[in-house]
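Asker: Got a structure for you, written out below as structure tokens; questions coming shortly.
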Amino acid sequence: MANILKFEKKVAAISMLAEGSSIRAVERITGVHGDTIGRLALRVGQACRDIMDEKMRNLNCQHIEVDEIWGFIGAKRRNAERAGVYGDVWTYIALDAETKLIPSFVVGKRDRYHTQAFMQDLAGRLSHRIQLSTDAMHAYPEAVDSGFGGNVDYGQIVKTYSVTQLVKEAATRYSPAEVVEVERKIIQGNPRVARITTSHVEKQNHTLRMHCRRLTRLTNAFSKKFENFEAAVALNFAYYNFCKTHRAVRMTPAQAAGVESSAWTVEELVQRCGE
């Protein structure tokens, strides 16, 4: 007879993964083999992605902030081709500044294709015109126009740093230079200039790094496969949206946005994932 992992063990493993523990740490605490935990995390993460896709529809958001967070799969860019792995990977994140909800995310390269895919996905989840803020990445204006078709009030936050980095990749800068000037630029529509900011989503980047071990700096807990990385990110966003009380809104982001009437327990999340 097959050895089936008990539900309580599944909940314990998912809870620890969602709070930033590595697979090996979960293995030592629960006594469940790391390979079993990895397969569970993949299944639950893929189901979380589907849950997010289903729930995040017709959203009544007002101010959306967008940013990207760097990670890597298998090896960093300079070694990726030699090792035959994916290399640098970027997660595009959208955050509703009022409710703290994450309505959309896309995992891929920091390029024109994935930027457009992200904006099209985000635009399709909103019920009305919004104000959108991004950083000054050159691919955003075209992607925003492609995704929203002009039905958006869009501004960019442009930061000037005190030192020009000799290495161009943002991924290599663990401590960015001091910001000496911030310019708010109107790109499209009629956004409120004072609300052009990415501060809230940048704080969310920090939260994600603290809760997703595969994105923690200077560790060996990185993903070896793309599907594992995407599943880990999806698990953390679902946990953040539906289970974790946000201090700023004093409820889960899904409750604040009217997506759910109550907070989910981790047990409920695991059950909804089919486990």
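Asker: Rolling a 1.4 Å sphere over the protein heavy atoms, what is the accessible area per residue of the chain, to the nearest Å²? Write down the numbers at each step before the final one.
Answerer: On the way: 13810 Å² over 275 residues.
Counting only protein heavy atoms, the per-residue value for the chain is 50 Å².
Asker: Now for a separate question. What is the set of long-range amide H partners of residue 59 at a cut-off below 5 Å, with H atoms built 1.01 Å from backbone N?
Answerer: 126, 127
Asker: Need the full-extension length gain, residue 33 to residue 221, defined as separation in residues times 0.36 nm minus the C-alpha distance. One decimal, nm. Working shown, then result.
Answerer: Working: separation 188, 0.36 × 188 = 67.68 nm, distance 1.62 nm.
Extra length available between residue 33 and residue 221 comes to 66.1 nm.
Asker: To check you understand DSSP bridge types, tell me what percent of the beta bridges within region 75-155 (both residues inside) are antiparallel, rounded to 5. Before the final figure, lay out each step's value.
Answerer: Details: 5 of 8 bridges.
If we restrict to bridges inside region 75-155, about 60 percent are antiparallel.
Asker: Quick one: work out the % antiparallel among DSSP beta bridges in the chain, nearest 5.
Answerer: Roughly 75 percent of the beta bridges in the chain run antiparallel, per DSSP.
Asker: While we're here: Only four residue types carry charge here, +1 at the Cβ of Lys and Arg and -1 at the Cβ of Asp and Glu. Report the dipole size of the chain about the Cα centre in Debye, rounded to the nearest 20. Please list the in-between numbers first.
Answerer: Numbers: 38 positive and 31 negative charges, 142 e Å.
For the chain, the charge dipole is close to 680 debye.
Asker: Sorting check: for 210-219, 184-193, 13-22, which peptide has the highest mean count of neighbouring beta carbons within 10 Å, and how do the rest follow?
Answerer: Details: 210-219: 17.1, 184-193: 15.1, 13-22: 21.0.
In descending order of packing, they fall as 13-22, 210-219, 184-193.
Asker: Also: Between residue 81 and residue 262, what FRET efficiency follows from the Cβ-Cβ distance if R0 is 41 Å, with the result rounded to 0.05?
Answerer: So, using R0 = 41 Å, E works out to roughly 0.25.
Asker: Apply the a/c threshold of 1.5 to the C-alpha gyration tensor of region 1-96 and tell me whether it is rounded, prolate or oblate. Write out the running numbers ahead of the final one.
Answerer: On the way: a/c = 2.32, a/b = 1.21, b/c = 1.92.
Oblate shape, in that a/c is at least 1.5 and b/c is the bigger or equal ratio.
Asker: Another one. Given 10 Å bins starting at zero, what is the percent of C-alpha pairs of the chain in each, up to the one with the largest pair distance?
Answerer: 6, 28, 34, 23, 7, 1, 0
Asker: Whole-Hz Karplus ³J(HN,Hα) for region 101-111, in order, using 6.51 cos²θ - 1.76 cosθ + 1.60 and θ = phi - 60°, x for Gly and Pro?
Answerer: Calculated HN-Hα couplings, in order: 5, 9, x, 8, 8, 9, 10, x, 8, 8, 9 Hz.
Asker: List the residues, sorted by chain then number, that are 5 or more residues from residue 251 or on another chain and whose placed amide H is less than 5 Å from its amide H.
Answerer: 246
Asker: Using helices alone, what [θ] at 222 nm do you get for the chain, with -39,500 (n - 2.57) per DSSP H run of 4 or more residues, divided over all residues and rounded to the nearest 500?
Answerer: After summing the helix terms and dividing by the residues of the chain, the value is -12500 deg cm²/dmol.
Asker: Find the relative contact order for the chain and round it to a whole percent, using C-alpha pairs within less than 8 Å whose residues are 6+ positions apart.
Answerer: Worked out over the chain, it gives 24 percent.
Asker: Report the calculated FRET efficiency for residue 186 and residue 209 (r = Cβ-Cβ distance, R0 = 30 Å), to the nearest 0.05.
Answerer: 0.45
Asker: What are the ³J(HN,Hα) couplings of region 37-52, residue after residue, when phi is run through the Karplus curve with 6.51, -1.76, 1.60 and θ = phi - 60°? Round to Hz, x for glycine and proline.
Answerer: 5, x, 5, 5, 4, 5, 4, 5, x, 5, 5, 4, 4, 5, 4, 4
Asker: So, one more: What residues qualify as long-range amide H neighbours of residue 67, i.e. H under 5 Å apart, gap of 5 or more or another chain, H built at 1.01 Å from N?
Answerer: For residue 67, the qualifying residues are 93.
Asker: Using θ = phi - 60° and the Karplus curve 6.51 cos²θ - 1.76 cosθ + 1.60, what whole-Hz ³J(HN,Hα) does each residue of region 8-24 get, with Gly and Pro shown as x?
Answerer: Taking θ as phi minus 60°, the curve returns 4, 5, 4, 5, 4, 5, 5, 4, 5, 5, 6, 9, x, 7, 7, 4, 5 Hz for region 8-24.
The values are calculated or read from the model by the stated rules, or taken from the named source; none is laboratory data. If you're wondering where the values come from, they're calculated on a predicted model, not measured in any experiment. Neighbour counts are summed over all protein chains in view; Cβ atoms, including those assigned to glycine, are modelled from backbone coordinates with ideal geometry. Accessible surface is based on the protein model in full, side chains and every heavy atom, while ligands, DNA and RNA are left aside. Shrake-Rupley method; radii C 1.70, N 1.55, O 1.52, S 1.80 Å.
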